[in-house]
Amino acid sequence: MDVAGLGKQFGDEPVLSDVSFSVRPDEIVALLGPSGCGKTTTLRCIAGVETPDEGTISIDGDVVESGDVSKPPEERHVGMVYQNYAIWPHKTVYENVVFPLKYTDNPFPESDYEHRVTELLELVEIAHLKDEPATNLSGGQQQRAALARALVHDPDLLLLDEPLSNLDKNLRTSMRDELQKLQHEVGVSVLYVTHDQEEAFYLADRVLIMNDGEIVERGDPSTLSRNPESPFTRQFLGGWNRFDGELTEVDGERLIEVPFGVFPLADVDVVPESIPNGPVQCFLRPTDVTVTADRTDAGAHFEAHGTVVTEGILGELYETTIAIDDADTEIVVRSETHHDLSRGGDVPVQFDLGSVQVYSGRGQPDAP
Ligand code: ATP
């Protein structure tokens, strides 16, 4: 599937601008971004339930949207699953799942419909519920039925719009694994829309980061999570400490001034490699900050003092928020070690300057 130069406005409001990307055969691509950034609109344009103002969409080599061409959804060979399941409660599971076979282009003769529906229900493990009214199904079972319905006509592309977000946490995790297995078994290309980075990074072969109707960055999950290039991605992916700073030159030395101190530009990691004097943004991973004095690394480092504001366990790490003395700034620290710090206590904070990543400008991206 290829999308090129997709643009869309609602009234005077631009919602998508020059959106271009591909989903290769058998690939899972996640479209990840904050609420309102245009993910669902992109998906709806691909499905053919929304018409873009500009751009071209082709699915399996077939142009479905371009200028005067705008194929209806049933001719696009796509399956779609929504956040709210969107299955008909008063029809049986069978009636729900057989629907796309009756109303969309597909390779199955009518005599095979029942066999095909059963095959899909077995795949999503709800064959025993075939004749039940959909109202009798739990949330997880309804989402399985929705998946069977989206796949029954053997689409070239499966479009998933936050399919797991209505499920409770445990079910979400197991459905996520099943979804991955199912995709391998069926061998269908998937475009997965979500604002949940954990889900996107777990499932996808490639992730597209969207903000304000534009794709701001793309890459494989491990590169993107470790080394995002755009400041927006860095902040959206969360957890990073971020400080505004000012880059100046004093007696031939370039220095960055942040709210709690000054450090030489030569000691930090600059992204990209050179930046002009002026406003900068600095990012620091919480796991790169320590609160004890035991340092093993002799490299250039920065030290400050602060007061513990909050403390708690986050997954397998201890997280402490520290207000830096004499600066209106807090630093989040994550560590495998529990330092048993008491709230309001005074602690030293330190980090290697080499772990500070500095970008030019003061783009204040929206918080996720
Ligand atoms: P969410 O994760 O909250 O679903 P999203 O990234 O999927 O968000 P969209 O649903 O694509 O975002 O919406 C993008 C923008 O377009 C939002 O500002 C939304 O209010 C607006 N929008 C979406 N559909 C319409 C519509 N039919 N008419 C007017 N504005 C719309």
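All of the numbers you see were taken from the coordinates with simple rules; none came from a lab. None of the values given here were measured: they were computed from a predicted structure. Reconstructed Cβ throughout: ideal geometry from the backbone, glycine too, with neighbour counts over all protein chains shown.
The lysine pair tally for region 2-231, using Cα distances under 25 Å and a gap of 8 or more places or different chains, is 11. By the helix-only formula, in which each DSSP H run with n ≥ 4 contributes -39500 (n - 2.57) and the sum is divided by residues, the chain has a 222 nm mean residue ellipticity of -6500 deg cm²/dmol. Structure remark: mean-square fluctuation, Gaussian network model of the chain, C-alpha springs under 10 Å; the largest value among Glu246, Glu273, Glu132 belongs to Glu273. For region 126-182 and region 9-37, what is the centre-to-centre distance using only Cα atoms, to the nearest Å? What the calculation gives is 23 Å, centre to centre. The longest stretch of the chain left intact once loop-based trypsin sites (Lys or Arg not before Pro) with at most 15 other Cβ atoms within 10 Å are removed from consideration, loops following DSSP, is 92-294. What is the angle, in °, between the Cα long axis of helix 93-103 and the longest principal axis of the Cα atoms in the chain? Nearest 10 is fine, range 0 to 90. In the chain, helix 93-103 runs at an angle near 80 degrees to the longest axis. As a calculated quantity, the FRET efficiency between Arg343 and Val69 at R0 = 45 Å, using C-beta atoms, amounts to about 0.10.
Find the Cα radius of gyration of the chain, compare it with 2.2 N^0.38 Å by division, and give the number to two decimals. Can you show the working numbers first?
Details: Rg = 25.0 Å, N = 368, 2.2 N^0.38 = 20.8 Å.
Ratio of Cα Rg to 2.2 N^0.38 Å: 1.20.
Listed from fewest to most Cβ neighbours within 10 Å, the set Val63, Val152 follows the order Val63, Val152.
For the chain, set up a GNM with springs between Cα atoms under 10 Å and report which of Gly61, Gly79, Gly354 has the largest fluctuation. Fluctuation is largest for Gly61. Could you state the number of Å between the C-alpha centres of region 55-104 and region 219-275? Cα centroid to Cα centroid, the span is 44 Å.
Please report the projected area of region 204-273's Cα convex hull averaged over all directions, in nm².
Values: hull surface 24.3 nm².
Projected over every direction and averaged, the Cα hull of region 204-273 covers 6.1 nm².
Could you work out how far helix 169-186 tilts from the main Cα principal axis of the chain, as a 0 to 90 degree angle to the nearest 10? It is inclined by approximately 60 degrees.
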